[in-house]
Amino acid sequence: MKSRKIFNRISVLRKERNVSRKELAEKIGVNFQTVGYLEREEYNPSLDLAFKISEYFDLPIELIFSAKPLKPLSEEIIELKNKFKGE
């Protein structure tokens, strides 16, 4: 069975928080090259690794990972603002 591609925002979040691949790798217990593979979407994380990344960034998994291409965070924020204005 072919696994589906998992999209992510790891690179964006890492750069936003000024964290190197090596630093992130040390915190989540993987090799820094694994972080690169994840960022380039060449490798899908295990569920455990996805949770570790989510916990490190203190964000819900669904804001970091998706089975569909992710919109830029700025677009998602605008959509959320518009949604709450309409309520």
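The values are calculated or read from the model by the stated rules, or taken from the named source; none is laboratory data. Computed from a predicted structure; not experimentally measured. Every residue, glycine as well, gets a Cβ built from its backbone with ideal geometry; the counts of neighbours run over all protein chains shown.
Structure data summary
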item: Failed condition for VAL19, given (1) without any contact (Cβ under 8 Å) to a residue 60 or more places away in the chain; (2) under 23 Å from SER74 (Cα atoms); (3) under 13 Å from the mean Cα position of the chain (by Cα); result: (3)
item: Scope region 27-55; condition hydroxyl-bearing (Ser, Thr, Tyr) and modelled with pLDDT of 95 or more; matching residues; result: THR34, TYR37, SER46, SER54
item: Entirely in the chain, the helices (runs of 4 or more DSSP H) that have 1 or more residues that are exposed (fewer than 13 other Cβ atoms within 10 Å of the Cβ) and of a type in the set (Gly, Ala, Ser); result: 73-86
item: Residue pairs meeting the criteria (Cβ under 6 Å; at least 6 apart or on separate chains; first among the charged types (D, E, K, R), in region 25-46; second surrounded by 15 or more Cβ atoms within 10 Å (Cβ to Cβ)); result: LYS27/TYR56; GLU39/ILE10; GLU39/SER11
